[in-house]
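Participant: One structure, pasted below without further comment.
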Amino acid sequence: MNSIKEAALVLRHRQFRSFWTGRVVSSLGSAAAPIAVAFAALEAGGGVEWLGLILALNIAPQVLLLLVGGVLGDRVRRDRVMVVANAGSGIVQVAMAILILTGTAELWMLAASVLLLGVASAFFQPASQGSIVQLVPAGLRVAANAVLRLPLNVAKVLGPALGGLVVAMVGPGWALAFNASTFLVSVFFLASIRLPRPIKGKASAISAFPTGWKEFRARRWYVVMVAQSAVTVLMWLVGFQLFGPVISHSSLGGALAWGLISGGFAFGLVGGSLVAVAVRPQRVGVTVSLCLAAQALPLVALGFVAPIWVIVGAAVLAGIALDISIVSWSAFFQEQIPEGLQSRLSSISTFGQLLPVPIGYILFGALSRNHGTPGFMGLMSAVLVVAALLPLALPSIRQLKLGQVIDGDRATNPGGGSKVGTVGSRL
């Protein structure tokens, strides 16, 4: 009951509603886009190597520019950054949809478009992450994260299924046209937000990054969690986003099958949001680690080319687990990191997670020509599980929980004063 009341209180904030609507609308199209891009590349004659390159080009600018985006998000109005980024993404998608629909698109054009979309995302994500603390009071941030993620995840359920259906029936060009329209509609809602300009310190923009890096290194619990994610995210993205469409294209019937699998994963994310807002796991370190380990389930199912219902079921379970970890960690992050550092530290953590991904896409894509896919999927699953659970060997990680006041590497409970010692953790 309290969760429902808090959700209603969050949605009474007009600016949060506009932010919420803009994010949800654009995410619906964005959830359909990966299927369109993957099958546009495969239908244009690009194999797993080309698909790996295209995925790498989408991630690479995020790796290179996220730190810049984080500094920008802490120094200018975040609503303006989000509007410009989504407007640019919409224009790029309109151009690519026209090229595909007119039959003039080539693989290099598709690669260029995802590169530009990666640039826009590098600026949008840190600004979006830092906006929550400016939109709702501190006591409502857990509810705000869950209220935001629930419809985002519903969109992620509908998006892949819709994308797979559209690609199967009329081709990837129309799916990208739909994505373009959602970006442009979201701009309308995001433009109605008026966030305050972040308080600028005396330090210059150039010196803002070293300050953020110093604050990052001072939190060893944060550093360890970023290291954990750097491995698990690599294994998950290469296994699911690269090999998943290829296996679906060759062995499971094509775009519609991949849409069902992707939609199942997103459906699980919806369930995870509901569980997180209702249960609110307190042991953040344990919750995140166990939930990340569950991401291996669909990779194993895909590697053995299990029946489609088995793969979808594994994807649902992985989605539930992942969103529980995201909601729990987001609340913990917003609780522990000062507002003026949130965009920078968010961008540093995302940088650490994404840094190995472009190389992984290209390397695994090239190696797959000479080695069997099941072997790769089994290896990635094993590495993912080990990386996810290894931080639990540290007592300080097992004891991380919501409600602590952490000063550097020392944590206390507000009412009790018990120490939690030195930590090493993630995100």
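Participant: So, G73, is that one modelled with pLDDT under 75, open to solvent by less than 20 Å² (accessible area, probe 1.4 Å), under 18 Å from the mean Cα position of the chain (by Cα) and closer than 24 Å to A127 by Cα or not?
Facilitator: Answer is yes for this residue.
Participant: So, in the stretch 96-133, exactly how many residues are of a type in the set (A, V, I, L, M) and farther than 30 Å from R194 by Cα?
Facilitator: 12
Participant: I've got another one for you. Would you say N58 is of a type in the set (S, T, N, Q), open to solvent by 20 Å² or more (accessible area, probe 1.4 Å) and assigned to a helix (DSSP H, G or I)?
Facilitator: Criteria met by N58.
Residues are listed down the side, and each one gets a yes or a no for (1) among the small types (G, A, S); (2) at pLDDT below 85:
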site: Q342; (1), (2): no, yes
site: S349; (1), (2): yes, yes
site: Q353; (1), (2): no, yes
site: S368; (1), (2): yes, yes
site: P374; (1), (2): no, yes
site: S381; (1), (2): yes, no
site: V385; (1), (2): no, no
site: A393; (1), (2): yes, no
site: S396; (1), (2): yes, yes
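Participant: Still on this structure, I have one more. Which ones in the stretch 289-311 are in a helix (DSSP H, G or I), touching a residue at least 12 places away in the same chain (Cβ under 8 Å), surrounded by fewer than 22 Cβ atoms within 10 Å (Cβ to Cβ) and among the β-branched types (V, I, T)?
Facilitator: Across the stretch 289-311, the qualifying residues are V300, I308.
Participant: Got a sec? Which of G272, G285 is farther than 21 Å from Q125 by Cβ, touching a residue at least 60 places away in the same chain (Cβ under 8 Å) and open to solvent by less than 10 Å² (accessible area, probe 1.4 Å)?
Facilitator: The conditions single out G285.
Participant: Name, by its number, the condition in (1) open to solvent by less than 10 Å² (accessible area, probe 1.4 Å); (2) under 22 Å from I324 (Cα atoms) that does not hold for F243.
Facilitator: (2)
Participant: Sort through V223, V238 and tell me the only one that's crowded, with 24+ Cβ neighbours inside 10 Å and either among the hydroxyl-bearing types (S, T, Y) or out of contact with any strand residue (DSSP E or B) (no Cβ under 6 Å at 6 or more places or on another chain) (or both).
Facilitator: So the residue among V223, V238 that is crowded, with 24+ Cβ neighbours inside 10 Å and either among the hydroxyl-bearing types (S, T, Y) or out of contact with any strand residue (DSSP E or B) (no Cβ under 6 Å at 6 or more places or on another chain) (or both) is V238.
Participant: For the stretch 152-183, give me each residue that is surrounded by fewer than 19 Cβ atoms within 10 Å (Cβ to Cβ) and at pLDDT 85 or above.
Facilitator: W174, S181, listed by residue number.
Participant: Collect the residues in the stretch 120-146 that are under 15 Å from the mean Cα position of the chain (by Cα) and over 14 Å from A331 (Cα atoms), keeping them in residue-number order.
Facilitator: A120, S121, A122, F123, F124, Q125, P126, A127, S128 - these are the residues of the stretch 120-146 that are under 15 Å from the mean Cα position of the chain (by Cα) and over 14 Å from A331 (Cα atoms).
The values are calculated or read from the model by the stated rules, or taken from the named source; none is laboratory data. All of these numbers come straight from a predicted model, not from anything done at the bench. For neighbour counting, all protein chains shown are included, and Cβ atoms are generated from backbone atoms with ideal geometry for every residue, glycine included. What goes into the accessible areas is simple: the full protein's heavy atoms, side chains included, and nothing from ligands, DNA or RNA. Shrake-Rupley method; radii C 1.70, N 1.55, O 1.52, S 1.80 Å.
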